[in-house]
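Single-structure report; data block below.
A short reminder: the numbers here are calculations on the coordinates, not readings from a lab. All figures in this text were calculated on a predicted structure; none of them were measured in a lab. All Cβ positions, even for glycine, are placed from backbone atoms using ideal geometry, and neighbour counts span all protein chains on display.
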């Protein structure tokens, strides 16, 4: 499987349409800022899904809020299930957009589905937030996937050029967040949602998923830099890009 690393203009426009609709329903200024920084990543996720999911695939999205990708995939006709830890504003947005979302704390509760239910699971920008027992959470994803099913994980790249620079010049172990450890935990105190517990290298995530029982099929490095020199370095060495996606499959017969 060879995946593109930049979305096509058509995918970007379809994703942007969903962003406009969801952001207008929500109305909070931060939604537009979030969309600005994550539009290309979400458009690429959308393109990957449309290009690789069968038309009748059973799909689970974990942690869909603010539901930009959720809306775009449902508009394409996918019967997509979505679960999230529904803080009040997330519930209001889901209701306003008529998106069915099941409330589930994936760190404390089992996924509310039978074994071998889904063909595809999306876990985008969630893994870095897991703070209690990522093994149990990922084992649950493995359980609800059908044999041969896939999990699509995107996460910040600790081994990126920015991550290395933060460690060397700022003595901070972050790739993208730009906030300290206190601020990450403050979100947990204030609204029950944790910031980034930590960020990972692709080797770390690959090894982790293998121990859970997945077969890692592909690592795709993604995202860009506004600095010309940094972007040129990332073109020469893709592993230095700020994000990566890992596509892993549940083996047949397991």
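Of note:
- Convex hull volume of the Cα atoms of the chain, normalised per residue: 129 Å³.
- Ranked packing of 128-138, 21-31, most packed first, by mean Cβ within 10 Å: 128-138, 21-31
- Dimensionless Rg/Rh of the range 1-100 - Kirkwood Rh, Rg from C-alpha atoms: 0.95
- Expressed to the nearest 5 percent, the antiparallel share of DSSP beta bridges inside the chain is 45 percent.
- The protection proxy used here, the mean number of other Cβ atoms lying within 10 Å of each residue, ranks peptides 13-20, 167-174, 99-106, 181-188 as follows, highest first: 13-20, 99-106, 181-188, 167-174.
- Length-normalised contact order for the chain - Cα pairs under 8 Å, 6+ apart - percent: 17
- GNM top mover of 126, 228, 144 - the chain, alpha-carbon springs below 10 Å: 228
- Global form of the range 99-157, assessed from the alpha-carbon gyration tensor, a/c cut-off 1.5: rounded
- Under the criterion of Cα pairs below 8 Å and six or more residues apart, the relative contact order for the range 1-70 equals 47 percent.
- 222 nm mean residue ellipticity, helices alone, for the chain (DSSP H n ≥ 4; -39,500 (n - 2.57); rounded to 500): -13000 deg cm²/dmol
- When the Cα gyration tensor is reduced to axis lengths a ≥ b ≥ c, the ratio a/c is 1.5 or higher for the range 105-254, and with a/b not above b/c it is classed as oblate.
- Alpha-carbon centroids, the range 135-175 and the range 200-252: separation in whole Å: 8
- At full extension, residue 50 and residue 33 could sit 3.6 nm farther apart than now, given 0.36 nm per residue minus the alpha carbon distance.
- The fewest-to-most ranking of 70, 201 by surrounding Cβ atoms within 10 Å reads 201, 70.
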